[in-house]
Structure formats: structure tokens, C-alpha cells
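What follows draws every value from the coordinates through simple rules; no lab data is involved. This is a predicted model, so every value here is computed, not measured. Note that we place each Cβ from the backbone using ideal geometry, even for glycine, and neighbour counts take in every protein chain shown.
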Number of protein chains: 4
Amino acid sequence: MLRFGILGAGRIGKVHAATIANSGRARVTYVADAIAEAATALAATVGANVADIDTILAANDVDAILIATPTDTHADLIEQAARAGKAILCEKPVSLSVERIEACLPVVEKAGVPLMIGFNRRFDPNFAALRQRLGDGEVGDIEMVTIISRDPAPPPVSYIERSGGLYRDMMIHDFDMARFLLGEEPVLVHALGSVLTDKAIKATGDVDTAAVQMITASGKIAVITNSRRASYGYDQRLEVHGSKGMLRAGNVHMTTVEAATAGGFKADVIQNFFIDRYVAAYAAEVNTFIDAVLKGTQPTPSGEDGLMAQRLAEAATKSSQTGEAVRL
Amino acid sequence: MLRFGILGAGRIGKVHAATIANSGRARVTYVADAIAEAATALAATVGANVADIDTILAANDVDAILIATPTDTHADLIEQAARAGKAILCEKPVSLSVERIEACLPVVEKAGVPLMIGFNRRFDPNFAALRQRLGDGEVGDIEMVTIISRDPAPPPVSYIERSGGLYRDMMIHDFDMARFLLGEEPVLVHALGSVLTDKAIKATGDVDTAAVQMITASGKIAVITNSRRASYGYDQRLEVHGSKGMLRAGNVHMTTVEAATAGGFKADVIQNFFIDRYVAAYAAEVNTFIDAVLKGTQPTPSGEDGLMAQRLAEAATKSSQTGEAVRL
Amino acid sequence: MLRFGILGAGRIGKVHAATIANSGRARVTYVADAIAEAATALAATVGANVADIDTILAANDVDAILIATPTDTHADLIEQAARAGKAILCEKPVSLSVERIEACLPVVEKAGVPLMIGFNRRFDPNFAALRQRLGDGEVGDIEMVTIISRDPAPPPVSYIERSGGLYRDMMIHDFDMARFLLGEEPVLVHALGSVLTDKAIKATGDVDTAAVQMITASGKIAVITNSRRASYGYDQRLEVHGSKGMLRAGNVHMTTVEAATAGGFKADVIQNFFIDRYVAAYAAEVNTFIDAVLKGTQPTPSGEDGLMAQRLAEAATKSSQTGEAVRL
Amino acid sequence: MLRFGILGAGRIGKVHAATIANSGRARVTYVADAIAEAATALAATVGANVADIDTILAANDVDAILIATPTDTHADLIEQAARAGKAILCEKPVSLSVERIEACLPVVEKAGVPLMIGFNRRFDPNFAALRQRLGDGEVGDIEMVTIISRDPAPPPVSYIERSGGLYRDMMIHDFDMARFLLGEEPVLVHALGSVLTDKAIKATGDVDTAAVQMITASGKIAVITNSRRASYGYDQRLEVHGSKGMLRAGNVHMTTVEAATAGGFKADVIQNFFIDRYVAAYAAEVNTFIDAVLKGTQPTPSGEDGLMAQRLAEAATKSSQTGEAVRL
């Protein structure tokens, strides 16, 4: 029975707590949150205690720390949890700064604790099945990976201002997915970004629409497109071309109902809330972490995966600002 | 080079004439039509002469007769053409009367000429491929055949009055298709019919909406549904279940364009004109006839196929009127 | 807080218990099962007590009885629970015998307790959305309802022997769905049945493949097809044609992954376990019952709905055996 | 009646000749080809005469010249035809050299004759409908255009050697399509190319797999991906995102047949021959040219369109070789 201390009782903390509680081989012993009511409410639903972070990190009845606090606290908390000898599952990203991640990971390594970064999309049943079948060689050698991610609607400008920008905040998932699917590291990144959905975003220096293409040393290509807005739902698609064919995975419509009238054939919009879209992925992610820690194996995506994705995000940000390709 | 005399220069006569002209191994030598202008116009497009029916049937430079005249003339013309020793391709049906067909076929047989009935749907590339794959055993032994046929809009009541009714006029195609797919003869037919699209149809004694189910001696089941109206196009679908799975074939949308907006995902209506939908089928039908006659083999669907479909239509008409099943 | 006594701790009892436990406005206070271990295990997961049926029916801390016992006990338990003044949610069917249902319902009515029958498919989000949109007039007046239900694999012959036959055991869901969608009562039923999947079923007098067509007084038609076997998953589809178009709802593939190779485009099989397929429906069903009882309204589907579906099943069974249509 | 002289009796010359012959308002009067038999055969099918190019350009009974000769002759023939006062429909590209096109177009302009370049894909009914609906504002302001083009199999290396490379030979269609859809000129191009399908291509200095992204001054983005090989057919897809949604258009499967078995749901491969895929587009292209010339309007795509696409191809070639973005 793996005992969790949860840091952060917000939206994603709650999702993970429920998975832990239903896992049958783990439980939540403590919850911390800057907002006392949030911590208390979440603790109640899973039979845990409320405590402050230092207490949780020092507690004997805590084996693993789930970090679901704001991004700017992640690296510090990872280091503290590592020094306390706890297994760590941290929401992405480790930090918006590559340098900060580079400083953080050796602390974890020295402590010898497992660290997993919450790139949830690797665990989506559709994407995971696609990845498995790629690995099985169903479409031969990988040649090109295409990733489409479009959010239903842009976040508030106040969020965007401190987000690190679209490439670090949103496309970070796609950089991880590209690496996951390519099985190789990109050596060149080119990014194009625009502000097309909301002029207020322009003042922040960020973009809301972007395309990135990358190539690996062996010539495999990845193409990523992002938009902060999609009227028809939360658009999340993968398409991978190999020497023998193509594998793709896509969206799920709200229902399977289709209407055919004189105006045409009409299907529902696709699922439009990320927690609904990735509900199975979040559960599989946490269960994968629990399994790895209980078995004593290193879970993936690792801290190194978090670092590599951040390097791609940083390169893309620079490319987008200058128009020039960035070599890694 | 097979030389055709075409009787009937209407819509379908024109389609077939073009196929013959483009076939490379047949040509049209004569055209007859009650409307002289129609005959002249069609003859001009294919370099044929206009003549009356008797002249055409007696002509030495006519090997085959294509009958595309009104239904009530078919049986008589088949008999005349057979006695004249011509190969015959006759539009469905031979006659609205089973008795008339039963009298007609021996005349053809005695004359020893090839007779093919124009059940065009057997030649649709989608349906023909499905049939081929059924025969190849891709889904094992056939268990159930489902046929959906919906016309875009009902014909004028004046047409319905002399059509023989929905089962003989429209569902006749589906009865032939059911036999084609089942590979066995139905032994029991039950039909349900309603007037739902146009009350004026009720006065004719006909129906505009119908469902028929049939079973063969070995227990294979066929289900047919028809409507005289479908707002979204000309709905033509097959679904066949076998012991190892299902094969289905369907409609073609007007274009492949799909729009995704806040209102959902929208595709075009399906093709809505029977000549567009079955353009490839009509061509394949005529080419199949030409091939068979040139090779000296018996073309199918045969006169017997025309008779069997008409018997099913007659049984369904009776069942629809009484509510009782009809055994064959 | 609605307090439930659950009779029957089998597969479906467990599903419903979890829904009740998670509902936030109901809880399970007692569980009974002929197998003591099953009752104990289920009771433990929801914090309930184990008791025998009589004790549960007499208990003050039980407001509602969930009947998930074998079919042949349903009618008796409904009567007992009604006399005890409990609200009742009973799995379909009330009884395999129309007469038994006709005797049972007045007992419930006299007791004045709510009774809901567990026709779960009405609550499937896809089917419920389709029904809602039909009611909203999106496709005009209803003309024809088509229902396809195919199980992945036949149950053991020992189950079939005491099932009441395909029409009462399996198609009963489709009869309810047909009524739900038609909004009118069928007045004539015709059924065709065969044994095609397993010859051992023949000896039981049952069929494994069936087609039923029904018509209402106003001429609306319903067509139902069933098979005990579908290699590609649990096939559950609806298609409703109205005066202005068509609404359909269908299956969900195991994943959204699609492979395109020289062999074609391949998608996954569809969900193949009924509890997975209808997980959302089961939850919505129980929540609908809880809502109705707490609000004091009569839940549907009602006992009358159970009776009407059973009458159709009985008519279809008779028709299938004789080949003749049955009028209601 | 527009009278055509056709230069080049190869595959595409034949397709266009048939369209002209069937147009009802144009006819072919002369055919020229370096291979006398080819010219004779084509001339026979449309009732034209065989002549050499100079004779055709000088002929009084020729109003328009269709240039379907090898690429390296296009610019010279355009100039000759222009000086002869003929309307010109020239297969893409005008030349592999931007400089050559820049020299050619003023000659046409000075002559005041209509010139249309054969970018056939603009006339595909699916793509044309998508473009029309974009223009009608169905998805608001255009934000991102994605174009996927994959050939079924690479051409011979001998062809690739003199093709000008993938960007000028194959992606040229997509550059034209991007401009057609964006409605603005790209100002920056970045290309990534690899040799992944056939190592022999590497020795030619060309690539067989490529991704290009471009941005316009207002921030609209276009993403193009190409491969010389696709096992599943000739992959031709467009997807355009706008402020209000997305429009896409895609491929057509060989038939509509779908099989569902224990192995999954399988559809046919897509059409795999470019002349089949674009048969309707080729016909619409020629008819558009005929209409424009008869009406005295300037047909599009124009020579300027040919020039702009070639500039993008040249920029992409340079970018692909250096890894650096190219500004226009």
C-alpha cells in the first residue's frame, strides 16, 4: 500500500486523489493546500489528514509525494521531496526554466528517488495504443509525426502573462509526445507563431496560434500545430507515417448521434474539457506511477523527459521570436 | 462488334446508348421512340438511324435489342425480339404481372436467345465488390441481409397509379438484391406498409413507406426497408451479417468536405439522383451484356431472376394489404 | 438521503451499488444475496450491512429496494417490497410471463409505491440524446425505427433453456426501445427466427437470430434485428427516420486508432462487454430513480412499460414459432 | 466553338482532348507530338489533324493552344503561342526556373493573350467547394491551412534527376493550393526534407519526404507535408482552420465497402492513381479555360500564379538545403 501526500488540492489534485483512492494499492494520507478549505474538502473525500508541506515531507506514513501546486513551486518541492526520500509524481512542467530543471534533476538523482513527470497524454488509451502499435512495427519505420492540439478557448490574459508562453505552457505536451513517438531527439526546431484569436495576447509578447517543425539526425520529421481556440471542441490528434503506412488517433464526439437532413449529415462537437478528454489518461498515469514505485522500477516520463521537452519549448520560443531555425 | 437497336430514347436509353458507343466493341445502329424528336436526337449523338420497332427487329444489322420503353410494353417486345432472334437487354421489370412473365419466358427459351434484365444495382461497384467478398467467404456463412432503399422524393401520383405499387416498382430492386446476396430463395414474406409522406398516395391504394422481412428454407433472413422520401439524398445501403462478421456498403456524399464549428461536424448530403448514383452500375451492366453475348454465354440477371423478384413483389403486395405472411 | 436495500450482489448489483454510493444523495444500508460471501463483499465496499431479504424489507432504515436477483424472483419480490411500502427499482424483466406481470402491477398500484423497471438502454447518453432530439422535432414526425442488437457471443445453452427465449430475454430491450422511440403502441407483430450460430440452441426450442417488424395504428413501423453473436463486438445501433430526415446513434470503437496500410484502413472492434458499453446508462438509470423518489414523482420506465414490452415479446415468440403475424 | 491545337499527346494531353471533345463548345483541330504514332492516335479519337508545332501555331483554325509537352519546353512554347496570338492553357509548371518565368510572362502580357496554368487541384470538386465555403465565411477568418500530399510510390530516379526536386515537381501543387486558400502571399518559408523511402534518391540531391511551413504578413500560417510514398493510396487532404471553425476535404476510398470482423473494421484503400483521383478536376479545369476564353475574361490560375508558386518552391528548396528560413 503506497501512501501519498498530495501537495495541491486543486482541479488536478482532486482527479489524482480519486485515482489513488480507487487504486486498491495506494491511499492518500495527507493533503496540503494554500487554501485551507480546499485541503480539508479533498482530505475528507479520501479519508486523509490535512497538514502543511513540511509536515507531510517529514511524515513517516508518506511514501510518495504528488506535486499539483502552481508551476513555479515544482522544482523546489521536487528537491525537498527528494531530500526527504520520497517518490515523486510531479505535474508538468518541472520549471519554465531549462536551467532550473538542470539544477533540480541532479538533486533527485543524488537522492536516488523515483521521479515521474505528469505528461498525461502518453497515457491516453488511444495514444498509448498507437504508440504500442508503432513500436510493434505495424507501419514500419517512423518517417513523420503530426500532432494537432487546439484548446477550446484561450485562458485569461492574466494566466498567459505568467505561463511562459504557448510553447512552454501548451505545446510542451506536444514536444513530449513528439519525442515519445519519434524515439529520437530533434536536432533542429523551427517555429512560426501569430496572434489571431485575441489581440490582448499580443501585448503579453505571446502567440495564440503556432506551427513547429523539427527534424532528427536520421531525418525523421515532426510537425506540431497549436491554437488557443477551436470552436468545435478540444482538438487532440496524432498522425504518424511510417514506411509501411499510417497510424492515427483522434477525437471523441460528445455522443455518437448523427442527424441527416436536407442540410447534410451532422455529428456532435468533440469533447471540449481537458479533464473529460483525458480522464482515462490521468488514471493510467497515476496507476503507472504506483506500479513503478511498488515494483522499484523507474517510472517514465522521467525528469530527463521533462528537461528535453522544456529544451524544445525554449528553442521553439526563440525561433518563433526571431523567425530563424534553432539547432540543438 | 455487337450492333444494337435501342427501343426507347428516354433518360435510361440515352445512358445506355452512350455506354454502347464508348464500349469499343458494340455500336448503336438504330433508335426507335414514340416521340420522333427524342429518337432523332439520340440517334444523332451515336451515329445511328431512326426507324420504327418492326423495322429494327427485322434489320440484318441488329444483333441485340435494348428495351427501354414503358414497362407495359416490355413483355411484348421481349417476345417479338426473341422471335426475331435478337439478344435482349430489357429494363426491369419484364412485367408487373407474374403470369405475363411466366408466359413470356418460354418464348425466349424456345427462341434460344440471350435475355438479361436490367437490375442495375447488382453492377454497382460497391455492391458488386461486397457480393464478391461474400462469395469469397470473408464473413463466413450468410445469416442476415439488410437492404435500405430510400428515394429522395416521391414520384407524381399519376406515376404511382400505374406503377404496380411500391413493392413492384421500387422494392423490386431490393428483392433482386436480396436474392443476389442470399444465394437462396425466400420461402416466406411478410410486409408492412404505410402512407406517411403524401396522403394523395393513399387514394391510389399504394404505400410510400414499407418494411419487408423474408426467410429462406435454411433460415437465412432478409430485411428490406423502403421509403419514397429521404431529405438527405438517395439512400442506398446494404449490410450483410455472416458467421464471421459483417460486410456493408453505402452511400457517397456529394463532396468529401466536412465543416466543424460550434454547431458540430457537418458533411454534405449524399448523392441524390439515381443516374448519378448508379452511373458506373449502368455502364457495367451494359458491358456485362455485351461481353456475354459476344462470348455466347448467358448473361445474368436472367429472365428467371426477373420472374423470381416479381413473385416476391407480388407476395409482399399481398402481405402488405392483408397483414398476413405469404408463403412461397 | 435515500437508503437502499440491495437484493442480489451479482454483477449488476455491484454496478448499481457503486452508483448509489457515489450519488451523494443515497446510500446502501443493506445487501442480501443467496451467496453469503457475495453479500459480504459487496456490503463491505459500500459500508452496508448484510441481512436476509425479509429483514431488509422490514427495516426502517430502508426507503428503496433494488431488485437484482434472478428473473424468476422479480415479481414476488416486487409484491413483497410494495407491501412493505418501499420504492422499487427492479431489473428487467418483471417476469417472463405476461400474466404474472398483470397480477403483480395492481399490487404495486394498491401500495402506492414507485416502481421503475431497469431498461438501462433508455439512459444511454447516445440513445437518450437521440430520443430528446426526436422529441424536439429535429427530424419531423417519426416514420420508421430500426434497432440493431447483436451480442458478442451466445450465452451457455443452460442459460438459454431458462431464459424465456431470445424475444423475452434479449429482444425485450429492443421492444422497450421501440416503444420509447415510436411513442405509440404496435398493433401487429411479425417475427422470423432461426438457429444459425449454435445447433445446440435448436434443441431448446429457441432461436439465436431474429428479425421482427411491427406497425402502430397510425402506420409507424419498427424493425428490430438480433443475433446472439457478432465477431466484431457488442453491436447496438438505432436509426430513426422522420418526415424531415434521420437520426442515428451507434457504437463506440475500443480506441480511436486507425491504421492505413496497403491492406486498407482498419479501425478497432467496438466495445464488446455490455457493462462497459452501458456503464453511463446504468449510472443514469439509478440516478434517475433516486431523483424521482426523492422528488416524489413516478419514475419511468414504469411497471406498465415492463408489461407492454413483455406483451410484444410474447407476441413475437408466438409469431416466430408459427410464421404468422400476431395482432395486439 | 473554340478550336484547340494540342501540343503533346501523352497521358494528360489525352485527358484534356476528351474533355474538349465532350465540351460542346470547343473542339480539337490539330495535335502535335514528337512521337508521330501518339499524335495520330489521339487525333483520330477526336477527329483532329496531325501537324507540327509551327504549323499549328500558324493555323487560322486554331484559337487556343494546349501545352502538354515536357516541362523544359513550356516557356518557349508559351512565348511562341503568345506571339501567334493564341489563348494558352499550359500544364504546370511554366518553368523550373523563376528567372525563366519572369522573362516569359511579359511576352504573354505584351501579346495580350489569355494564359492559364494547369494547377488542376484548384478544380477538384471537393477542394473547390471547400474554397468556396471559405470565401463565403463559413469558418470566419482564415488562420491556418494544412495540406497533405502523398504519392502512392516514388517515380524512377531518372525522373527525379531532371524533375527540379520534390519542391518544384511535387510540392508546387501545394504551394499553389496554399496561396489559393490563404488569399495572401507567404513572406517566410521554412522547409525540412529527408530521404527516407529510397536511398538512390539521396544521390540526386533531392528529398522524398518534406515538411514546409510558411507565414503571411498578417500572421496566417500554412503547413505542407509531402512524401513520395503512401502504401494506402494517393493521399490528398486539406484542412483549413478559421476563427469560427474548420473545413476539411479528403480522400475517396476505392469502394464504400466496410468489413467488420474479429480483427476490426476495415475499409478499402483510397484511390491511388492521380488521373482517377483528379478526373473531375481535369475536366473542370479545361472547361473553365474554355469559358474564360469564350467570354473574354482572364482565366485563373494565371501566369503570375505560376510564378508565385515557383518562387515558393525555390525558397523551400534553398531552405531545405540549408536548414535556414528564407524570407520573400
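Sequentially through segment A:145-159, phi angles give Karplus couplings (6.51, -1.76, 1.60; θ = phi - 60°) of 10, 10, 10, 10, 9, 9, 7, x, 7, x, x, x, 4, 4, 5 Hz, Gly and Pro residues having no value and appearing as x. Please say if segment A:239-328 is rounded, prolate or oblate, where rounded means a/c under 1.5 for a ≥ b ≥ c the square roots of the C-alpha gyration tensor eigenvalues, and otherwise the choice is prolate for a/b larger than b/c and oblate otherwise? Oblate shape, in that a/c is at least 1.5 and b/c is the bigger or equal ratio.
Segment B:205-219 and segment A:267-314 have Cα centres lying 54 Å from one another. Along its first, second and third principal axes, ordered by size, chain C spans 60, 51, 47 Å in Cα coordinates. How large is log10 of I(q)/I(0) for segment B:223-288 at q = 0.24, 0.26 Å⁻¹ when the intensity is taken from the Debye formula with one equal scatterer per alpha-carbon? One equal scatterer on each Cα of segment B:223-288 leads to -1.11, -1.14. Distances, shortest first, from the label point of residue A:275 to those at the same position in the other copies read 2.7, 5.9, 6.0 nm; the point lies 7 Å along Cα to C-beta. Partners of residue D:86 within straight-line reach, counting lysines whose Cα lies under 17 Å from its Cα and excluding those fewer than 8 residues away in the same chain: D:110, D:295.
Under the combined filter of DSSP loop state and at most 12 neighbouring Cβ atoms within 10 Å, segment D:255-328 retains none of its GluC sites (Glu not before Pro). Among C:108, C:190, C:222, flag the residue with its Cα farthest along the positive direction of the charge dipole of chain C, charges on Cβ as +1 for Lys/Arg and -1 for Asp/Glu. In chain C, that residue is C:222. In sequence order, segment D:59-65 has phi-based couplings of 6, 6, 8, 10, 9, 9, 10 Hz under the Karplus curve 6.51 cos²θ - 1.76 cosθ + 1.60, θ = phi - 60°, and Gly or Pro positions carry x. Among A:146, A:261, A:197, the largest mean-square fluctuation in a Gaussian network model of chain A, built with springs joining Cα atoms closer than 10 Å, belongs to A:261.
Pairs C:14/C:220; D:92/D:318; B:220/D:266; C:244/D:220; C:92/C:318; A:92/D:266: which are spaced more than 29 Å apart, C-alpha to C-alpha? Too far apart for the 29 Å limit: C:14/C:220; C:244/D:220; A:92/D:266. Shown is the FRET efficiency for residue A:217 and residue A:321, computed with R0 = 22 Å from the Cβ-Cβ distance and rounded to the nearest 0.05: 0.30. Here is how far apart the residue D:73 label points are across copies: 5.2, 7.6, 9.0 nm, shortest first, using a point 7 Å from Cα toward Cβ. Here is the P(r) of segment C:126-212: all C-alpha pair distances, binned every 10 Å from 0, give 14, 42, 26, 15, 3 in whole percents. Charging the Cβ of each Asp and Glu at -1 and of each Lys and Arg at +1, and nothing else, the dipole of the protein assembly as shown about its Cα centre rounds to 0 debye. Pairs of C-alpha atoms in segment B:58-114 farther apart than 16 Å represent 35 percent of all such pairs. Where only DSSP H runs of four or more residues are counted, the protein assembly as shown gives -11500 deg cm²/dmol as its mean residue ellipticity at 222 nm, each run worth -39500 (n - 2.57). Distances between placed amide hydrogens fall under 5 Å for residue B:26 paired with B:2, all partners being 5 or more residues away or on another chain.
Between residue B:60 and residue C:185, the simple spin-label model (points 7 angstrom out along Cα→Cβ) gives 7.7 nm. Normalised by the number of residues in segment A:1-96, the average gap of Cα pairs under 8 Å and 6 or more apart makes the relative contact order 29 percent. Across the identical copies, the 7 Å label point of residue A:262, projected outward along Cα→Cβ, sits 2.6, 4.9, 4.9 nm from its counterparts, in ascending order. Using Cβ point charges alone (K and R +1, D and E -1), the dipole size of chain B about the Cα centre works out to roughly 380 debye.
Residue and distance for the chain B Cβ closest to the axis that moves B onto A, in whole Å, come to B:266, 2. Taking 15 Å as the straight-line reach from the Cα of residue A:199, the aspartates and glutamates in range (excluding those fewer than 8 positions away in the same chain) are A:161, A:208, D:141, D:143.
Backbone amide hydrogens, once placed in the peptide plane, bring residue D:143 within less than 5 Å of D:241, D:242, D:243, excluding anything fewer than 5 places away on its chain. Shape analysis of the protein assembly as shown based on the Cα gyration tensor places the equivalent ellipsoid semi-axes at 56, 51, 22 Å, largest first.
Legend: ranking of residues D:322, D:255, D:300, B:29 from fewest to most surrounding C-beta atoms inside 10 Å; resulting order D:322, D:300, D:255, B:29. Along its three principal directions, the equivalent ellipsoid of segment B:48-143 from the Cα gyration tensor extends over semi-axes of 31, 16, 13 Å, largest first. Both the radius of gyration and Dmax for segment C:2-113 are 13.2, 39 Å, in that order, over alpha-carbon atoms. Which one, A:16, A:59, A:36, projects farthest toward the positive side of the charge dipole computed for segment A:2-113 from Cβ point charges (K/R +1, D/E -1)? The residue sitting farthest along the positive end of the dipole is A:16. Placing unit charges on the Cβ atoms only, positive for Lys and Arg and negative for Asp and Glu, gives segment A:2-113 a dipole magnitude near 440 debye about its Cα centre. Each of residue B:302 and residue C:25 was given a label point 7 Å from its Cα along the Cα-to-Cβ line. The distance between the two points is 7.0 nm.
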